[in-house]
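The values are calculated or read from the model by the stated rules, or taken from the named source; none is laboratory data. Since the structure is predicted, the reported quantities are computational estimates derived from the model, not experimental observations. Note: ideal-geometry Cβ built from the backbone for every residue, glycine included; neighbour counts use all protein chains shown. What goes into the accessible areas is simple: the full protein's heavy atoms, side chains included, and nothing from ligands, DNA or RNA. Shrake-Rupley method; radii C 1.70, N 1.55, O 1.52, S 1.80 Å.
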Number of protein chains: 2
Amino acid sequence: MALELPSFAEILAARERIRPLALVTPLIEHPALNARTGGRILLKAENLQRVGAFKFRGAYNKIAQIDRQQFPGGVVACSSGNHAQGVAAAATLCGMASVIVMPADSPAIKIKRTRGFGAEVILYDRVKEDRDAIARRICAERGAAFVHPFDDRDVIAGQGTAGLELMEQAKGMGAVLDAVLVGVSGGGLASGVSIAVKELSPKTEVYCVEPAGFDDFARSLTAGSRQRNAQMAGSICDALMSPTPGEITFALAQRNFAGGFAVTDDEVREAVRFAFEELKMVVEPGGAVSLAAILAGKIPVKGRTVAALITGGNVDPAMFASIIQAGAKAA
Amino acid sequence: MALELPSFAEILAARERIRPLALVTPLIEHPALNARTGGRILLKAENLQRVGAFKFRGAYNKIAQIDRQQFPGGVVACSSGNHAQGVAAAATLCGMASVIVMPADSPAIKIKRTRGFGAEVILYDRVKEDRDAIARRICAERGAAFVHPFDDRDVIAGQGTAGLELMEQAKGMGAVLDAVLVGVSGGGLASGVSIAVKELSPKTEVYCVEPAGFDDFARSLTAGSRQRNAQMAGSICDALMSPTPGEITFALAQRNFAGGFAVTDDEVREAVRFAFEELKMVVEPGGAVSLAAILAGKIPVKGRTVAALITGGNVDPAMFASIIQAGAKAA
């Protein structure tokens with residue numbers, strides 16, 4: 001059976017759907033970054049998005065279309081991160097209940113924030129229990145719909161609105177983009193953004209960026225089939241550790257991506273520090289990988305115009321404090 | 001002799017002058033802040049400005065108009081803070097030399113950043129030496145122009161461009177502002193912003209916000225004459241400790257300000273933490289006073305539309321780390 005891929009028209013429709021509630025985040029061109037790289041760099045600041053990450057876009061586009069008669073119990077998602085907060089906030093704004101299935105050892109702040117957005121949080125034992133089985137059971141018991149974090153055409157179309165905005169904003173700034181860099185985990189954002197980029201500017205190259213050791217997308221693109229990461233933990237980028245690309249997202253990646261880059265934890269830390277010191281923005285490690293790829297010279301940007309998505313800012317205060325102070329000591 | 005006050009036309013001219021180099025910073029409306037306050041709150045994010053603070057606007061507007069024949073030695077300023085960085089960056093962009101007179105005990109990072117923007121830094125002993133005398137001597141020796149941090153009509157007109165942008169952006173968002181809050185030290189920004197606000201929306205009230213114990217502007221407005229602060233140190237807001245309002249800035253304040261508020265160090269810390277946790281922005285304590293006034297309920301905002309300027313983000317990493325982690329412990 002051929003996969004049905006989301007279209008550019010679906011991104012346009014998603015934009016109308018999310019317009020009253022999602023923020024049009026700024027596309028920031030900062031002299032300090034241009035001076036440092038010798039290129040013209042535009043940053044789409046999705047850390048400034050509602051709930052602190054792009055995830056609200058896809059979650060709301062999905063949940064706003066769910067049939068309430070068919071799913072009177074609302075929605076269910078599995079996540080301890082930005083997807084949890086995006087689904088919780090979107091469901092509440094749609095007047096629907098939400099259940100988030102979260103590891104019992106999740107940081108207290110993430111549980112608190114997810115509840116704060118209106119979700120019921122159900123904790124499970126990461127070692128002894130099966131998250132997906134729990135989610136399936138709740139869906140069945142309550143008549144609730146499952147919201148996949150990335151491999152869903154409505155979620156992908158929603159995330160793609162960030163790319164649509166980016167392209168329109170870049171045009172308004174007189175920028176013709178040579179490349180767009182997007183951090184990737186399951187690939188919902190990167191694949192959605194790639195649809196908008198390729199529709200509006202076919203020559204612009206789209207690259208995905210992953211943590212070193214979690215470069216399943218880059219290896220899958222090279223191999224021509226979906227590869228898995230060897231490890232499930234061990235990166236500072238807690239938001240970017242999906243084990244393998246999604247089916248839909250990988251099909252879009254094969255069509256639209258020019259390739260992928262991997263960045264080390266130290267390169268990510270430097271990007272978080274640069275964003276603090278120069279851009280005055282709070283970026284979480286997983287949200288900084290595309291900026292890290294630029295700062296670390298993974299892609300030539302001198303004399304070129306390159307956009308990167310800053311995807312989230314939900315970082316633990318202790319980790320953020322440690323990263324920015326390490327910079328001060330080194331200075 | 002009557003003071004010559006800067007006009008709205010001078011702000012319009014300043015905007016054309018700074019347009020290629022200053023950033024049009026975003027006016028941010030964040031659901032988390034609206035939910036917390038019950039009002040519609042718009043934040044003008046001048047922490048995202050070039051050099052990390054609004055100061056670049058006024059410095060560039062001033063320096064771009066300096067006659068190079070008359071002042072072949074460039075410019076001189078006294079500051080260890082954002083004014084230093086603004087003047088250094090603006091002079092370098094104008095192809096002029098700059099000398100910044102800075103206390104010898106300034107944080108190394110500030111000296112480094114100021115040099116990084118192209119200035120020559122001259123250190124003086126805060127106890128034994130007279131900063132102004134040093135600046136006067138350098139001006140005379142080198143044929144350089146002195147750039148006052150606030151009491152200068154070109155500087156004020158430059159800072160006023162932030163208010164012009166704010167009013168235009170608010171209009172574009174369909175917002176009719178009940179009030180605008182601006183942090184104040186010498187008053188260059190607040191008085192410049194007030195010119196634009198009152199020109200474009202006479203009914204919008206302009207309030208200044210100061211650190212508690214450094215409320216010289218509020219007391220001066222009440223007294224009808226310029227008052228001095230009793231102390232010279234002792235606030236977390238190192239950027240907001242001018243001893244008394246400027247002559248020009250106070251004349252504008254008397255004409256345009258509806259009043260002033262004072263915020264405590266703890267209220268400022270809470271605002272810095274809120275900006276980190278919810279807005280994902282890095283704000284320095286002195287840059288957060290107007291947000292602090294809103295969060296602490298100094299002005300009623302429920303059901304009203306209120307704008308506040310976030311004026312800078314140049315904060316020492318150790319101080320920032322301490323503020324955001326105190327929040328985590330309390331949570």
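The table that follows gives values for the structure above.
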| item | result |
| --- | --- |
| Subset of the stretch B:38-88 [touching a helix residue (DSSP H, G or I) at 6+ places or on another chain (Cβ under 6 Å) and of a type in the set (Ser, Thr, Tyr)] | B:Tyr60, B:Ser80 |
| Residue tally, condition assigned to a helix (DSSP H, G or I), among the polar types (S, T, N, Q) and open to solvent by 40 Å² or more (accessible area, probe 1.4 Å), over the stretch B:1-43 | 0 |
| Output for the stretch A:104-128, where each listed residue is basic (Lys, Arg) and either surrounded by fewer than 15 Cβ atoms within 10 Å (Cβ to Cβ) or within 16 Å of A:Val76 (Cβ to Cβ) (or both) | A:Lys112, A:Arg115, A:Arg126, A:Lys128 |
| Criterion (within 14 Å of chain A (Cβ to nearest Cβ) and either touching a residue at least 12 places away in the same chain (Cβ under 8 Å) or open to solvent by less than 20 Å² (accessible area, probe 1.4 Å) (or both)) met by exactly one of B:Phe320, B:Phe250, B:Phe257, B:Phe261 | B:Phe320 |
| Residue, nearest to the other protein chains (Cβ to nearest Cβ), within the stretch B:98-115, restricted to residues that are of a type outside the set (A, V, I, L, M) and in a strand (DSSP E or B) | B:Ser98 |
| Positions within the stretch B:236-247 being open to solvent by less than 20 Å² (accessible area, probe 1.4 Å) and in contact with a helix residue (DSSP H, G or I) (Cβ under 7 Å, 6 or more places away or on another chain), in sequence order | B:Ile236, B:Cys237, B:Leu240, B:Pro245 |
| Criterion (in contact with a strand residue (DSSP E or B) (Cβ under 6 Å, 6 or more places away or on another chain) and either over 27 Å from B:Leu12 (Cβ atoms) or aliphatic (A, V, I, L, M) (or both)) met by exactly one of B:Ala218, B:Ala239, B:Ala230 | B:Ala218 |
| Near pairs, Cβ below 7 angstrom, 6+ apart or cross-chain, from the stretch A:114-127 (under 8 Å from A:Ser98 (Cβ atoms)) to any residue that is assigned to a loop (DSSP other than H, G, I, E, B) and open to solvent by 70 Å² or more (accessible area, probe 1.4 Å) | none |
| The stretch B:129-157: number of residues that are closer than 26 Å to B:Gly187 by Cβ and open to solvent by less than 50 Å² (accessible area, probe 1.4 Å) | 16 |
| Long-range neighbours under 7 Å by Cβ, at least six apart or interchain, first residue more than 7 Å from chain A (Cβ to nearest Cβ) within the stretch B:17-31, second small (Gly, Ala, Ser) | B:Arg17/B:Ala64; B:Ile18/B:Gly158; B:Thr25/B:Ala45; B:Leu27/B:Ala170 |
| Residue within the stretch A:222-233 that is crowded, with 19+ Cβ neighbours inside 10 Å and out of contact with any helix residue (DSSP H, G or I) (no Cβ under 8 Å at 6 or more places or on another chain) present | no |
| Restricting the stretch B:144-158 to residues that are assigned to a loop (DSSP other than H, G, I, E, B) and either modelled with pLDDT under 95 or among the aliphatic types (A, V, I, L, M) (or both), the residue that is nearest to B:Ser80 (Cα to Cα) | B:Val147 |
| Qualifying residue in the stretch A:107-119 (condition: within 15 Å of A:Ala144 (Cβ to Cβ) and either over 22 Å from the mean Cα position of the chain (by Cα) or at pLDDT 95 or above (or both)) | yes |
| Conditions (1) open to solvent by 20 Å² or more (accessible area, probe 1.4 Å); (2) within 14 Å of another protein chain (Cβ to nearest Cβ); number of the one not met by A:Arg304 | (2) |
| Count of the stretch B:190-216 residues which are among the aliphatic types (A, V, I, L, M) and open to solvent by 10 Å² or more (accessible area, probe 1.4 Å) | 3 |
| Subset tally (residues that are buried (at least 24 other Cβ atoms within 10 Å of the Cβ), more than 11 Å from the chain's Cα centre (by Cα) and of a type in the set (Asp, Glu)) for the stretch A:44-77 | 0 |
| Selected residue [closer than 26 Å to B:Arg40 by Cβ and over 15 Å from the mean Cα position of the chain (by Cα)] from B:Val184, B:Val176, B:Val193, B:Val180 | B:Val176 |
| Residue under evaluation B:Met167, criteria (1) in a helix (DSSP H, G or I); (2) open to solvent by less than 10 Å² (accessible area, probe 1.4 Å), criterion not met | (2) |
| Tabulated pairs, the stretch A:174-193, first at pLDDT 95 or above, second open to solvent by 10 Å² or more (accessible area, probe 1.4 Å) and of a type in the set (Lys, Arg), C-beta under 6 angstrom, 6+ apart or interchain | A:Asp178/A:Arg304 |
| B:Thr161 being among the β-branched types (Val, Ile, Thr), in contact with a helix residue (DSSP H, G or I) (Cβ under 8 Å, 6 or more places away or on another chain), open to solvent by 20 Å² or more (accessible area, probe 1.4 Å) and within 29 Å of B:Ala91 (Cβ to Cβ) | no |
